Amino acid sequence: WVFVCLFLLPLSILFDVYYQLRAWAVRRLHSAPRQHAQRVRNIQAQVREWKNEGSKRYMCTGRPGWLTVSLRVGKYKKIHKNIMINLMDVLEVDSERQVVRVEPLVTMGQLTAHLNPMGWTIPVVPELDDLTVGGLIMGTGIESSSHIYGLFQHTCVAYELVLADGSLVRCSPTENSDLFYAVPWSCGTLGFLVAAEITMIPAKKYVKIHYEPVRGLQKICEKFTEESQKKENSFVEGLVYSLDEAVIMTGVLTDEAEQSKINRIGNYYKPWFFKHVEKYLKADRTGVEYIPARHYYHRHTRSIFWELQDIIPFGNNPVFRYLFGWMVPPKISLLKLTQGEAIRKLYEQHHVVQDMLVPMKSLEKSIQTFHVDLNVYPLWLCPFILPNNPGMVHPKGDEAELYVDIGAYGEPKRKQFEARASMRQMEKFVRSVHGFQMLYADCYMTREEFWDMFDGSLYHKLREQMNCKDAFPEVYDKICKAARH
């Protein structure tokens with residue numbers, strides 16, 4: 001924490017100020033749409049140059065691995081041909097079509113700051129400010145509104161990609177539809193994303209949020225399932241503090257608020273959100289608050305969910321919050337950049353950051369499995385509807401199905417925790433209930449197990465059709481530990 005407080009927090013502030021000034025200048029000068037076409041041509045030129053050199057190495061984006069929010073360090077960057085993709089601007093807000101067109105490096109914080117003053121937001125705003133549109137499409141993204149709208153990819157209506165032959169294509173559900181459905185979860189192994197079109201919805205000022213403590217695992221699962229099925233809830237979220245204690249939160253978007261119940265939870269001096277929620281559990285009482293919408297969307301950002309308590313143990317102390325809270329959180333990218341190999345290995349063995357997506361009907365069994373194999377609390381519960389679209393991720397049957405994301409972040413309290421063995425046990429369980437593992441996290445599956453979890457039929461067909469095999473590694477080789485060691 002000494003290093004983080006003295007060096008990384010000030011550096012993180014400088015980082016943020018630079019990117020905010022840049023976004024402001026681009027917005028004022030309206031330069032993004034004019035420069036976009038030129039930047040895309042530059043990417044196409046780099047791909048053609050790679051072809052002329054004989055296509056000897058795989059290609060990948062030139063963005064440094066430490067800049068990504070994933071804790072995994074991508075070693076492939078050192079051996080692959082790096083294609084520089086400097087695309088980080090909002091291109092167009094089309095109020096008539098209710099669509100915003102953005103470049104892939106636009107962050108969630110940047111996008112909500114751009115859209116909210118115009119009266120718009122996007123249906124699914126994944127939690128952390130630094131998550132990028134490209135990462136959320138090529139990987140995945142979720143938020144407490146996903147029980148209505150699905151994953152981040154399900155709110156996108158079109159993608160533009162530069163392919164392995166240097167051509168630029170647009171794909172949507174009606175145009176190059178196979179490619180449109182194959183891109184999500186492909187981790188940049190079908191082409192380079194250069195723009196995306198995302199649905200917009202009207203923004204409202206507040207989220208009226210209802211906190212309800214629930215005790216007993218069966219009751220927790222029943223209550224959470226019941227609330228997730230209600231479309232009148234704009235947001236549904238659960239924080240599980242032990243095997244039989246949780247707080248279930250439901251929220252509704254509104255423009256009206258009772259002044260006495262407004263809680264600007266995003267202000268730097270406010271308690272961390274998960275600690276604020278825990279008060280309702282400890283007092284064993286329900287409660288209602290009105291949280292400004294943008295504060296709600298980024299409610300877990302300041303404490304990086306609850307990861308910051310392991311980095312700055314006194315970070316939620318009122319004295320620290322009032323004096324230094326405005327500098328929090330440190331950038332995950334800077335934490336990665338300054339982490340030595342020994343610390344990284346230690347972190348890998350004694351720390352878990354995982355999101356498992358399982359059918360809602362398997363929630364109780366899943367929480368028990370998480371408890372036995374990891375024993376990490378709090379657990380984050382976020383429901384989502386999974387439509388039966390083609391691609392790598394879809395439900396077992398022909399119908400859309402309600403799923404839940406179980407997020408485990410922190411230090412496992414299980415006595416015999418061993419990262420590889422414990423995670424392989426977890427992955428086996430998730431496959432058995434037809435669930436999915438988010439690919440930003442450490443993944444220990446074999447190739448056969450990986451393609452048992454994910455549907456690779458459309459993905460492999462397109463890699464063959466578009467000559468991707470010499471241009472990009474297979475998604476398994478890019479993200480799985482078993483493929484890299």
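Summary table below
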item: Over 30 Å (Cα to Cα) - which of LYS205/LYS396; LYS204/LYS478; LYS78/LYS275; LYS365/LYS469; LYS261/LYS361; LYS223/LYS396 fall in this group; result: LYS205/LYS396; LYS204/LYS478; LYS78/LYS275; LYS365/LYS469; LYS261/LYS361
item: Amide H contacts under 5 Å for GLU92, placed H, 5+ residues apart; result: ARG101
item: Sorted peptide list for 112-118, 48-54, criterion being average Cβ within 10 angstrom, highest first; result: 112-118, 48-54
item: Sequence-separation-based contact order of the chain, relative, with Cα cut under 8 Å and 6+ spacing, percent; result: 17 percent
item: Cα point-scatterer Debye curve for the chain, base-10 log of I(q)/I(0) at q = 0.09, 0.13 Å⁻¹; result: -0.60, -1.39
item: Overall dimensions of the range 1-202 by Cα: Rg and Dmax, Å; result: 17.3, 54
item: Packing rank of 139-146, 82-89, where each peptide gets the mean count of other beta carbons within 10 Å, highest leading; result: 139-146, 82-89
item: Expected 222 nm ellipticity per residue - DSSP helices of 4 or more, -39500 (n - 2.57), all of the chain, to 500; result: -10000 deg cm²/dmol
item: Accessible surface, per residue, of the range 1-202 when the full set of protein chains is kept, probe 1.4 Å, Å²; result: 43 Å²
item: Accessible surface of the chain, 1.4 Å probe, proportion on carbon and sulfur as whole %; result: 54 percent
item: About the Cα centre, charge dipole magnitude for the range 1-202 (Lys/Arg +1, Asp/Glu -1 at Cβ), debye; result: 880 debye
item: Lys, Arg +1 and Asp, Glu -1 on Cβ, resulting dipole of the chain about Cα centre, debye, nearest 20; result: 1380 debye
item: Phi-based couplings in Hz for the range 456-471 (Karplus 6.51, -1.76, 1.60; Gly and Pro marked x); result: x, 4, 5, 4, 5, 4, 6, 4, 5, 4, 9, 6, 7, 5, 8, 9
item: Rounded to whole Hz, the Karplus (6.51, -1.76, 1.60) HN-Hα couplings of the range 83-100, x for glycine and proline; result: 9, 6, 10, 9, 10, 9, 10, 7, 8, 7, 10, 9, 5, 5, 7, 6, 9, 10
item: Other-chain or far-sequence residues with amide H under 5 Å of GLY287's (modelled H); result: TYR211
item: Top positive-direction residue, dipole computed over the chain with Cβ charges, set MET84, LEU363, ALA196; result: MET84
item: Mean Cβ neighbour count within 10 Å, used as a protection proxy, ranking 451-461, 415-425, 96-106, 297-307 highest first; result: 297-307, 96-106, 451-461, 415-425
item: Placed amide H near VAL404: partners under 5 Å, 5+ positions off or other chain; result: VAL358, MET360, PHE384
item: 3J(HN,Hα) from dihedral phi, the range 419-434, Karplus parametrisation 6.51/-1.76/1.60, rounded to Hz, x for glycine, proline; result: 3, 5, 5, 5, 6, 5, 5, 5, 4, 4, 4, 4, 4, 5, 9, 6
item: Residues VAL319 and ASP452, FRET efficiency given R0 of 45 Å [Cβ-Cβ distance, rounded to 0.05]; result: 0.30
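The values are calculated or read from the model by the stated rules, or taken from the named source; none is laboratory data. This is a predicted model, so every value here is computed, not measured. Cβ: placed from backbone, ideal geometry, glycine included. Neighbour counts: every protein chain shown. Heavy atoms of the whole protein, side chains included, go into the accessibility calculation; ligands, DNA and RNA do not. Shrake-Rupley method; radii C 1.70, N 1.55, O 1.52, S 1.80 Å.
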